[in-house]
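Have a look at the structure below, then the notes.
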C-alpha cells in the first residue's frame with residue numbers, strides 16, 4: 001500500500017492545501033525578505049540579490065540617525081495618537097452612554113470616518129490645512145485669531161500636529177465604539193454598590209467604571225497600535241515625509257529607501273526592525289488585556 | 001440609634017405609580033423583612049431607603065435625619081445585592097476594604113477591620129482571591145463582609161440568597177441570623193421567599209401591588225392574616241380558600257356542605273354575608289391523624305385524589321365543594337387515591353374573610 005493511502009497519512013493529506021497556501025502566502029515571502037535583508041539587493045541590479053553582506057545592513061541602520069529619528073518620531077506619533085484617541089473615544093462613549101434616545105443612530109454615524117479610504121482622508125486634511133486656500137487658515141483669519149497664513153504642512157511641528165489630527169479624526173471612533181460596547185456590557189450592580197460604599201461620581205468612575213473598561217481599551221489599542229505603526233498613506237498624501245524629512249516616519253522612510261532609492265535589502269532590514277517595534281507594542285497591550293480579562297470572569 | 005421611618009412614601013415612573021404611599025416604622029436594631037411577589041414594590045422601597053431610587057413623594061427618615069435628598073454615601077447604610085455586586089477587578093481584601101479606603105481610613109485601621117470581618121465570616125483563607133475565583137456562597141459572604149466592615153447604622157439586603165441553591169440558602173439564612181445577633185444593627189431585608197421571611201424577621205411586612213397588606217411578627221402574619229392575600233402568601237403549602245355564605249351560624253359552601261362558624265368570629269357572621277372560608281392544610285386532617293384532636297372541629301367525608309408521602313406526613317389532594325383542597329395526614333400511614341376518609345377541620349384555627357374585600361372578618 002502506497003504511503004498516501006495509509007490511514008495515518010490522512011490528516012496530513014487533508015492539511016496539505018492549507019499548508020501549501022500558508023507556505024506561498026506567508027512563509028516563503030517572509031524567508032525571502034529576511035534573506036534579502038542580509039544582502040545588498042538593489043532593485044536596479046538583480047544580480048545583487050546574491051551579494052551576501054551579513055549584518056552590514058543592520059549595523060548601518062542601527063548606527064544611523066537617519067533611521068533612529070523617524071523611528072523615534074513613529075513611537076512619539078503612536079503614543080500621542082493612541083492616547084488622544086483613547087481620551088476622546090472615552091469621552092464620546094461616556095456621553096453617548098448617558099443619552100436615552102438615538103444611541104444606535106449615533107453609533108452608526110460615528111463609524112462614517114472609518115468608511116473613508118485613508119488616502120481620501122489624507123487629501124481632505126491636506127486641503128483643510130492648506131496655507132493658501134485651506135479652511136483652517138480661513139477660519140482663523142476670519143475670527144481674527146491669526147493675521148498671516150500659517151504654514152500648517154510646512155513647519156515641522158505643525159505638520160506633525162496636522163497629520164495627528166487627521167489620524168485622530170479618522171480613528172477615534174474605533175475607541176469610542178469599543179468603549180461604548182464595554183459600557184453597554186457593564187453590570188449596574190457594582191456601580192450601585194460603589195455609591196453605597198461612599199463613592200462620589202468621580203470616585204465611582206475612577207475605581208469601578210474605568211477598570212472595567214480597560215480591557216476594551218486594550219483591545220482597541222492593540223488593534224490601533226498595528227494600524228498607526230504602519231501609517232503610510234495619510235503621511236504620504238499630506239506631506240510625503242517632508243518638508244526635508246521632518247515628518248518622515250518608519251514606513252515612509254522604508255518605502256523611500258526601497259522603491260525610490262531601490263535599496264531593497266536595506267529597506268527590508270529596516271522593515272524587520274520596525275516589525276519588532278509593532279510586535280512590542282502589540283505584545284504589551286495583549287499582556288495587559290490578558291491580565292485584565294482574568295478578573296472579568298467575576299463580573300457576572 | 002437608627003430607626004427608619006417611611007411616611008407616605010410614593011414611587012412613580014412617569015405616570016405609573018409603583019409604590020402608593022407606604023407608612024412604616026422600623027425600630028432600632030430591628031430585623032424587618034419586606035416580602036411579596038415580584039413587582040409588589042418591595043425592592044423599589046428598599047432602594048428608596050438606600051438612595052438608589054428617587055423618592056417621588058413622602059418622607060424617609062433614618063435616625064432623626066430626613067434623607068430624601070441625601071446621596072447613598074451620606075446615609076450611613078450598607079447594602080447586599082442579589083447579584084453580589086462585587087468589584088471584579090479587586091481581590092477579596094480590596095473588596096472588603098474599599099468603602100473604608102474611600103472614607104479615608106488609615107491603611108492600618110483598614111487591614112485591622114478587614115481581618116476582623118473576614119474572621120467573622122470565615123473568609124480569612126480567601127482574602128487574596130478575586131471574585132472570579134470564588135463560589136456563589138463565598139461571593140455572598142464577601143458581599144456581606146463588605147457590608148459589615150463599614151459598621152453602618154442600617155443594613156439593607158436585596159434578595160441576597162435567591163441566586164444560591166437550596167442547601168446553601170438554608171446555611172446562609174442561618175448565618176445571616178447569627179450575624180444579626182452578633183452585629184446588632186437595624187436590618188431591612190427584601191425577599192419573595194416566605195420561608196426566609198418567617199425564619200429571619202422580627203417583623204414581616206407583606207406587600208402587594210405597591211401597598212402594605214400586613215405588618216406583624218411572623219407568627220401574627222401566619223396565625224392572624226388580615227387578608228386572603230396574606231393568608232395564601234405566608235405558609236406553605238398555601239391556605240385553602242373556599243367561597244360560601246353565612247346561614248344560621250354556619251358557612252354554607254357551594255355544594256351545600258355546612259361548616260360551623262368559629263365562636264370568636266360569631267359576632268361578625270350575620271346571615272347572608274358572602275365569605276371565604278380559609279383553612280390551612282395543617283388544620284384539615286383525617287380523623288386521628290391531625291395535629292390536635294381537642295377543640296371545636298367539623299367533620300366531613302372526602303375522597304383522596306392524590307397523596308404525596310413526605311415521610312412522617314403526607315400531603316393529600318382532595319376535593320370539597322368542587323374545589324381542590326390540600327390536607328395533611330400526620331403519621332407514617334400510606335394513603336391510596338380513591339380512598340374515602342373522614343377529615344376533621346380544626347375550627348379554632350379556621351379563618352373567615354369577606355368575599356368582596358378579602359379582609360378578615362375579625363377586623364370588622
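Couple of notes before you dig in:
- Of the strands (runs of 3 or more DSSP E) contained entirely in the stretch B:226-344, those carrying at least 1 residues that are over 26 Å from residue B:359 (Cβ atoms) fall at B:284-286, B:297-309, B:313-320, B:323-330.
- Taken residue by residue, the stretch B:322-330 has at least one member that is touching a helix residue (DSSP H, G or I) at 6+ places or on another chain (Cβ under 7 Å), in the same structural domain as residue B:352 (by TED's automatic domain parsing), surrounded by 12 or more Cβ atoms within 10 Å (Cβ to Cβ) and over 20 Å from residue B:352 (Cβ atoms).
- Residues in the stretch B:128-180 that are within 10 Å of chain A (Cβ to nearest Cβ) and within 23 Å of the chain's Cα centre (by Cα): B:143, B:147, B:156, B:158.
- Only one of the numbered conditions (1) surrounded by 13 or more Cβ atoms within 10 Å (Cβ to Cβ); (2) part of a helix (DSSP H, G or I) is not met by residue A:130, and that is (2).
- Some residue of the stretch A:144-159 being surrounded by 12 or more Cβ atoms within 10 Å (Cβ to Cβ) and at pLDDT 85 or above: yes
- Strands (runs of 3 or more DSSP E) lying entirely in the stretch B:1-99 (those with 1 or more residues that are surrounded by fewer than 17 Cβ atoms within 10 Å (Cβ to Cβ) and touching a strand residue (DSSP E or B) at 6+ places or on another chain (Cβ under 8 Å)): B:4-13, B:16-26, B:57-62
- Elements of type helices (runs of 4 or more DSSP H) in the stretch A:1-67, at least 1 residues being in contact (Cβ under 8 Å) with a residue 12 or more places away in the chain and touching a helix residue (DSSP H, G or I) at 6+ places or on another chain (Cβ under 8 Å): A:28-36, A:56-62
- Sole exception among (1) farther than 17 Å from residue A:162 by Cα; (2) part of a helix (DSSP H, G or I); (3) not assigned by TED's automatic domain parsing to the domain that holds residue A:277 for residue A:108, by number: (3)
- For residue A:274, the conditions (1) more than 19 Å from residue A:76 (Cβ to Cβ); (2) part of a helix (DSSP H, G or I); (3) more than 14 Å from chain B (Cβ to nearest Cβ) are fulfilled apart from (1).
- Checked against (1) at pLDDT 90 or above; (2) within 14 Å of chain A (Cβ to nearest Cβ), residue B:60 passes all but a single condition, namely (2).
- Qualifying residue in the stretch A:255-266 (condition: away from every other protein chain (no Cβ under 14 Å), surrounded by 23 or more Cβ atoms within 10 Å (Cβ to Cβ) and not in a helix (DSSP H, G or I)): no
- Qualifying residue in the stretch A:291-299 (condition: surrounded by fewer than 20 Cβ atoms within 10 Å (Cβ to Cβ) and more than 14 Å from chain B (Cβ to nearest Cβ)): no
- Every condition in (1) within 14 Å of another protein chain (Cβ to nearest Cβ); (2) buried (at least 20 other Cβ atoms within 10 Å of the Cβ) is met by residue B:187 except one, and the failing one is (1).
- For residue A:218, the conditions (1) over 17 Å from the mean Cα position of the chain (by Cα); (2) modelled with pLDDT under 90; (3) within 14 Å of another protein chain (Cβ to nearest Cβ) all hold with the exception of (1).
- Here residue B:52 meets the list (1) closer than 24 Å to residue B:204 by Cβ; (2) under 20 Å from the mean Cα position of the chain (by Cα); (3) within 13 Å of chain A (Cβ to nearest Cβ) almost entirely, failing just condition (2).
- Meets criteria (modelled with pLDDT under 90 and either at positive phi or in contact with a helix residue (DSSP H, G or I) (Cβ under 7 Å, 6 or more places away or on another chain) (or both)) for residue B:248: yes
- For residue A:153, the test of being closer than 15 Å to residue A:234 by Cα, in contact with a helix residue (DSSP H, G or I) (Cβ under 7 Å, 6 or more places away or on another chain) and outside any helix (DSSP H, G or I) is passed.
- Considering residues of the stretch A:82-102 that are free of Cβ contacts under 8 Å to residues at least 40 places away in the same chain and not in a loop (DSSP other than H, G, I, E, B) only, the residue surrounded by the fewest Cβ atoms within 10 Å (Cβ to Cβ): A:98
- If you check A:111, A:115 for being touching a residue at least 60 places away in the same chain (Cβ under 8 Å) and either more than 14 Å from chain B (Cβ to nearest Cβ) or in contact with a strand residue (DSSP E or B) (Cβ under 9 Å, 6 or more places away or on another chain) (or both), only one passes: A:111.
- Residue ID - nearest to residue B:87 (Cα to Cα), chosen from residues in the stretch B:102-125 that are within 13 Å of chain A (Cβ to nearest Cβ) and surrounded by fewer than 18 Cβ atoms within 10 Å (Cβ to Cβ): B:103
- Residues (assigned to a helix (DSSP H, G or I) and crowded, with 22+ Cβ neighbours inside 10 Å) located in the stretch A:190-214: A:190, A:193, A:194, A:196, A:208, A:212, A:213
- One residue alone among B:151, B:141 is in contact with a helix residue (DSSP H, G or I) (Cβ under 9 Å, 6 or more places away or on another chain), assigned by TED's automatic domain parsing to the domain that holds residue B:219, free of Cβ contacts under 8 Å to residues at least 40 places away in the same chain and in a loop (DSSP other than H, G, I, E, B), and that residue is B:151.
- The set of residues in the stretch A:174-189 being more than 10 Å from every other protein chain (Cβ to nearest Cβ) and either more than 18 Å from residue B:83 (Cβ to Cβ) or buried (at least 16 other Cβ atoms within 10 Å of the Cβ) (or both) consists of A:174, A:175, A:176, A:177, A:178, A:179, A:180, A:181, A:182, A:183, A:186.
The values are calculated or read from the model by the stated rules, or taken from the named source; none is laboratory data. Since this is a predicted model, take the numbers as computed values, not measurements. Cβ: placed from backbone, ideal geometry, glycine included. Neighbour counts: every protein chain shown.
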